Structure formats: structure tokens, C-alpha cells
1. From the list Tyr161, Tyr192, pick out the single residue that is closer than 19 Å to Thr17 by Cα, aromatic (Phe, Trp, Tyr) and either buried (at least 19 other Cβ atoms within 10 Å of the Cβ) or free of Cβ contacts under 8 Å to residues at least 12 places away in the same chain (or both).
2. Of the residues Asn54, Asn46, which is at positive phi and within 22 Å of the chain's Cα centre (by Cα)?
3. Which of the residues spanning segment 116-155 are among the basic types (Lys, Arg), farther than 30 Å from Phe185 by Cα and in contact (Cβ under 8 Å) with a residue 24 or more places away in the chain?
4. Being touching a His at 6+ places or on another chain (Cβ under 8 Å), under 30 Å from Val115 (Cα atoms) and β-branched (Val, Ile, Thr) narrows it down to one residue among Ile318, Ile294; which is it?
5. Just checking, which of Pro186, Pro170 is part of a loop (DSSP other than H, G, I, E, B), in contact (Cβ under 8 Å) with a residue 40 or more places away in the chain and in contact with a Lys or Arg (Cβ under 9 Å, 6 or more places away or on another chain)?
6. Return the pairs, sorted by first residue and then second, in which the second residue is of a type in the set (Ser, Thr, Tyr) and assigned to a helix (DSSP H, G or I), the first residue lies in segment 306-327 and is touching a residue at least 12 places away in the same chain (Cβ under 8 Å) and more than 16 Å from Pro45 (Cα to Cα), the beta carbons are less than 8 Å apart, and the residues are 6+ apart or on different chains.
7. Which ones in segment 215-237 are crowded, with 24+ Cβ neighbours inside 10 Å and assigned to a strand (DSSP E or B)?
8. Go through segment 93-119 and count every residue that is within 26 Å of Asn65 (Cα to Cα) and either buried (at least 16 other Cβ atoms within 10 Å of the Cβ) or not charged (D, E, K, R) (or both).
Amino acid sequence: MYVGFDDTDSTRGMCTTFLAYIITENLLKRGVRFLEYPRLVRLNPNVPWKTRGNGAVALHFAADNADRVQQQITDMIGVYSDLQNGANPGAVFLRGNSITPRMKRLSRDALHKVVEISDACDIIRDGGGDAFSLGTGRGVIGALAAIAYDFRDSTAEIITYRSDANLGVPRQIKPDSVRVMQKTFPDTFNSYDDGSGQVLIAPRGPDPVFYGIRGENPGILYRASSMIMHTERLRGHMMFCTNQGTGDHLQHTIKARMMEPYSSGVVDGVISIEPQIMPGGHMCFSIKSEGHSIPCWAYRPTRLPQKLSGLMRGDHVIVSGGVRGESEDYSRAINIEKVHVQRLAPHITYKNPHCSRCNKSMKSKGRGQHFWCVRCGSTAEHRQQICMPRTISEGIYNAAVTAHRHLTRPPQRYNRVNHITFEPDTDWFAVYKD
């Protein structure tokens, strides 16, 4: 059986991965045999109704009494979802190996565009699955997407959970221990920002996650987790196979003539309007692509405005990010996550010609007239063309690690493809004893 679920949390609490932890604990007590690590699939980060990381979860296991298990999971989703604060949970149940091509296509679409609930429900019904939902039922989309996700590249995350007594209390993690844990880099990523000293493994909200460490394989994460020092008594941990750090949401090409709101992807073009630094330290420029002008914004917290300050009109770039919807004050635009500077335009400037006899700059005799040397009278017809050095190089420019989304592929993962193999006899799930 496959079961996927999503949208069980809200901005005020709960976490879909924590519900997965509770359900997994219940299933293991009943002798259910897991066939792979729980899946944590991050979907399109630009949809406006997401809570935090837009993550959906799927479980894959073998059970003797599938009907009973399905009812138990349905009951737990109803009990634990944060319905009073706006959660719209959905769950999908599939028996056997019944993932259809249409399900896989929807899963790919959910990475970079807005998917309709009705389409997801039609695909579930046609594929012989069952769906359960509360509220608007939007969670059905993520639930199906998590089940059908095709990991062309994968990473792992170990997530530890807080006891109920500590919810809402500030997390006490020793930053120096996280900095020491950085020696597991590059096999772990996005854990600590050396520049600011900021710990990146712990959320700040009221949800039950204490910390989550992301990396290339479970083995390195067990080791990294053992290095973290804290004073809080935790509930337990669970290992996930994820698409975090893969950049999979940026595999889609954004069509300049359409620019669907809230879609994610890349657009290729030439800078047509010079970059400007706007109030607040944000940068705006436009690129010409397929005959259309596309505004692009780099926001100050990403630190991209400083990195891209040397761009100029005529530069060929590939911009990665999400399409911002239109508003009364702003047009549709790309919110930048990354820029690949493909080719730099020559920076040409002009100055008055130089007199070779007197080693002096010549003067202009007026608009449309020639230049002359006031000392010896030598003349020249045209201004001198000079190619100035550029202050930016060709290459890839990433947002600061503190501004990375869960799906952002960090530089050390470029050209790296990873596959996680399930090891059921390891400590992939744990309930800590007092």
C-alpha cells in the first residue's frame, strides 16, 4: 500500500512530517513492514497558499489488513490536522504497484505549476485509488504527488521531534555544535551560515520539529545528528528520502508569452533594461526573451543584488525563479533564485581622441564637427572607442544560503546525482525513552 497526505498543518502549528512520524509509530507497533524510507516531497515553492516548505509525505509499506490500516490512518489525519487554523488535509491510498503515467505527470506538474484539485481527483479515481479530504481538500494534490514522485536525484533528512511539553518554548541548540557538525560538509548541506553564524537546521515556529539535518545519505546524517548538543528532551526521530537540494522545481522552461502566475522554472534571455537598485536594496532589471520583455527582481535578503551589480544591458543570462502574480502596484515578474550569466556584452565607452604629438586630449569643435589639438592644431574625425573591463564574470550566481528554499540545489551538489537505498535494519525510526 501507498499512502500520501498533505496540508495537515497551518502557520500556527502542526507539521505534516510529524503526522507521518505518529502514523509510522502506530504502523510499526502493528507489525507493518515498510518497503522504503518515508518520502518527503517538496512541491512548487511559489504557490501562495503554502504554509512553510510546501512538503507532502508518502509512506510505502506492506500490511495484512489494508482496509483497517486505511481507516486508522484516515482517523489520525482527522484528529491531528490543524483544522481550526486553516489546514485542508487530503490523503490518497493506492493498493499494489498501481502508480499510473498520469499520476507521475501530475507529480511533475506539481513541482512547477498550480494543479487543480479536480484533476487530481480524476486521476486518483481512474487509477483505482481512494481519496480522503477535509476542508477544501487541497491536500489531495500533494498527497498524490508525493506517492507518484519519480526521484531522478534524492537526498535524505533526519528530523527530530519535540515532546508536547516543549511546544512553543524556544529551541535550545548550541550553535557551536552545529558549526562543528559542519565538518560533515559537503555530505550535509544548509546547516549553518558561516557568515552570520545562523543555525539553519532548526525552525523558529511553534511546530513540533526540533531540528532537521539534510544530506546525501542516512549514514552521514546519523553521524551528524550525534554531534548536535542541546538541553531539550526529545520525542524521537525519523529518516526521510527527499527531493530537497535537487533543484527539481527549476527543470521547467517558463514560456515568456504565457508566464503563468506562481509557476517555477527558468527563462533564457538578454538584459534589455539596465539593472537598478530599488528602495529597500532590491534589484530590478528586464530581459528580452522570445520577443517579450520580462521584469526580474532580486531581493536584498538573497544577497543577489550585490552579486549581480555588474550586469548591464546586452548580457545573456538564464534566470531561475518563480513567477510573481500581478497586483495593483506591480506587473507579473520573475522572483530570482539563481542567475547563470552565459555571456557578457562588451562594455564600450568613448572618449575624445588623443594627440600623438602632444600627448594631450583633443577638444571638440562642436556637435557634428571634428576634434582638434589646441596645442599643435592636429585634427581627428571620431571619438576613440574603449572596451572597459567588466566587474562581473560569466558563471552561476546563487542566493545566500540563508535564503535557500528547500528545493534549492546548493553549489556543492552541482553535477551530483544521488539515490537513497532503504536499509530497514538501521535506526531510521526511533522513539526516545525517558
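The values are calculated or read from the model by the stated rules, or taken from the named source; none is laboratory data. Because the structure is a prediction, the values reported are computed rather than measured. Note that we place each Cβ from the backbone using ideal geometry, even for glycine, and neighbour counts take in every protein chain shown. The area values use the complete protein model at the heavy-atom level, side chains included, leaving out ligands, DNA and RNA. Shrake-Rupley method; radii C 1.70, N 1.55, O 1.52, S 1.80 Å.
1. Result of the check over Tyr161, Tyr192: Tyr161.
2. Asn54
3. Arg138
4. Result: Ile318 is the single residue among Ile318, Ile294 that is touching a His at 6+ places or on another chain (Cβ under 8 Å), under 30 Å from Val115 (Cα atoms) and β-branched (Val, Ile, Thr).
5. Answer to the check: Pro186.
6. Hits for this filter: zero, empty list.
7. Gly215
8. Matching residues across segment 93-119 total 8.
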